[in-house]
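Enquirer: Questions regarding the structure given below will be posed in turn.
Computed from the coordinates by the stated procedures, all read-outs in this text should not be read as laboratory data. These numbers were taken from a predicted model, which means no experiment stands behind them. All Cβ positions, glycine included, derive from the backbone under ideal geometry; neighbour counts span all protein chains shown.
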Amino acid sequence: MKTWIKSVQLNVASWMLVTPLILTGSIGFAEETWTGFRGNGSSQASAASLPLKWEMRGRVEGAWDIRLPGYGQSSPVIWKDRIFVTAVSGDNKETLHLLAVDAKTGEIQWQKQHAATQKVKDSDNVSRGAPTPVVCDEAIYVAFESGDLFAYSHTGDLIWSRSFVDEFGEIKGPHGYSSSPVLADDSFVIQVTHAGPSYVMALNRNDGSTKWKVDHPSQTGWSSPIVAKVGDRKHLIVNSSGSVRAFDLQDGTQVWFLDGLKGNSTASPTLWNDCVLIGSGGEREGGGPRGRGGESSTESSTSANTPANNGNSPTVAATTGPRGSVLVRIDGKGDVKGSKVVWASPKVQAGYASPLVVNDLAFFVNRTGVVQCVDMNSGEEVWNYRLPSAVWASPVAHKDNVIIFCKDGAVVVLAASREQRVVAENSISTTDIVYGVAASEGAWIVRKGRGLQRIVASPE
């Protein structure tokens, strides 16, 4: 019988418990940390200061721009003075890369390479190093679209590794796998939703052993799960094409579900008070990494710059669910279609970027680059604004601002208010797509396809 834990090199029995996850609202990060996809899952930056305006001319102390050994669509993560980033390389994405980078200097401190289990021909139509890692005080945890999972110490020692493709079968579907893992209590959790047999699985983060694994309907999904606290329990909320589901974090029991959704395969869930916001890209949205070099034309023609059962087993309901983006209460049981949907709106659309909530307003960016400011209580659009280009990176909130990094390097800062106001406009130099950002004290860390860049404020 094949051993699934390939290597254990550290004594992990005395690990401290760290929970870098979002619960029922915005939580601050440990100093100098951005621990996973969208930080702690909310895209809320807690740094005392972040640059809102900068100049790209000349050299600025503290700024740097480095080339990576492969291509990646993942976001960087930060633990104190160290950045972790992933990439893939080769004609069939056969080589996986994990790098540790000094946050201040851009110097590569260490890097690791592994052979991919599932090899897929590299192209703009498939995921390319897409899942974002997650980090805590003891380790960095990594997932790749090849099905390979790794846990490394901060100094680059392999703790454990595992392949869910080896164990449970290859990823099926045209665009690959993109969901980022999450850490919750002592669990490392992955969402594997695709055209083949799908599931959600919690691993013991110390040694990689399985805590629980539950089946999920075969629904393609590239979004990432989040964790919410409901009473004295923690629930894992999983969004995939056609449904959103909540599972008990302790044992994987399905708590509630909402079926019949459309276009919800890509943007990740966002928590607000006792609700979860699910973004939809429209009825015909295909989702996934399709067209990383091009754009979909399925968005609505929103004008720009104007004001404004018992739930224990996964099933797919035959009835039609709410249309468009939807706000759902997270304290439900079983099928919540008739009881816990606060509002649904086909006019509110999310593209590849996940919705951001700040000041009781939601900020959506559709696939054509139109920002919609939406009242969270009613689902009504307050205003919309057309950006210079489309967006892959999820917007970030800092204090009362929304910072949006467009795919071509344009950066727009909007006021997080009911009054439309442009705070600043900037740009970064890139020939690759901007896929993700992380916030560190006084700096932005920007992921471009083949590079990583640190942006600081220009001297006055």
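Enquirer: What is the distance in Å between the Cα centroid of region 228-254 and that of region 417-434?
Expert: The two parts, judged by their Cα centres, are 34 Å apart.
Enquirer: Let me ask something additional. With the crude spin-label approximation of a point 7 Å out along Cα→Cβ, what separation in nm comes out for Phe168 versus Asp65?
Expert: Taking the simple label geometry, Phe168 and Asp65 are separated by 4.1 nm.
Enquirer: A further question follows. Which of the lysines could a cross-linker bridge to Lys119, judged by Cα under 22 Å and excluding same-chain residues fewer than eight apart?
Expert: Those lysines meeting the cut-off are Lys2, Lys6, Lys93, Lys172.
Enquirer: For region 173-226, report the translational diffusion coefficient in µm²/s to the nearest whole number, using Stokes-Einstein at 37 °C, 0.692 mPa s, and a Kirkwood Rh over Cα pairs.
Expert: 286 µm²/s
Enquirer: Find out how many positive minus negative residues lie around Asn92, taking Lys and Arg as positive, Asp and Glu as negative, among other residues whose Cβ is under 13 Å from that of Asn92.
Expert: With Lys, Arg at +1 and Asp, Glu at -1, the net is 0.
Enquirer: When the Kirkwood hydrodynamic radius is evaluated over all pairs of different C-alpha atoms of region 62-212, what value in angstrom, to one decimal, is obtained? Don't jump to the answer; show the numbers that get you there.
Expert: Working: mean 1/r = 0.0641 Å⁻¹.
Hydrodynamic radius (Kirkwood, Cα only) of region 62-212 equals 15.6 Å.
Enquirer: Here's another thing I want to ask about it. Nearest 0.05, what FRET efficiency do Lys347 and Lys53 give at R0 = 25 Å with Cβ-Cβ as r?
Expert: Computed FRET efficiency for Lys347 and Lys53 comes out at 0.15.
Enquirer: Okay, moving on. Please give the net charge around Glu380, taking every other residue with its beta carbon less than 14 angstrom from that of Glu380, where Lys and Arg add +1 and Asp and Glu add -1.
Expert: Working: positive: Lys347, Arg418; negative: Asp360, Asp375, Glu381.
Net charge in that neighbourhood comes out at -1.
Enquirer: With labels modelled as points extended 7 Å from the Cα through the Cβ direction, what inter-label distance (nm, one decimal) is found for Ser339 paired with Arg421?
Expert: Using points 7 Å along Cα→Cβ, the separation is 4.4 nm.
Enquirer: Moving on. Can you bin region 401-460 into rounded, prolate or oblate? Criterion: square roots of the alpha carbon gyration tensor eigenvalues sorted a ≥ b ≥ c, rounded for a/c under 1.5, prolate for a/b above b/c, oblate for the rest. Write down the numbers at each step before the final one.
Expert: Values: a/c = 1.97, a/b = 1.49, b/c = 1.32.
Prolate is the answer for region 401-460, as a/c is 1.5 or above and a/b outweighs b/c.
Enquirer: Assuming 0.36 nm per residue, please report the length gained on full extension of the stretch Lys80 to Arg233 beyond their Cα-Cα distance. Kindly include the intermediate steps, with their values, before the conclusion.
Expert: Values: separation 153, 0.36 × 153 = 55.08 nm, distance 2.98 nm.
Roughly 52.1 nm would be gained on extension.
Enquirer: Treating region 124-235 as a set of equal point scatterers at the Cα positions, no solvent, please give the Debye-formula log₁₀ I(q)/I(0) at q = 0.19, 0.20, 0.21 Å⁻¹.
Expert: -1.00, -1.10, -1.20
Enquirer: Determine ³J(HN,Hα), in whole Hz, for all residues of region 411-423 in sequence, where each value follows from phi through the Karplus function 6.51 cos²θ - 1.76 cosθ + 1.60 and θ = phi - 60°; x replaces Gly and Pro.
Expert: 10, 10, 10, 10, 5, 7, 8, 6, 9, 5, 8, 8, 7
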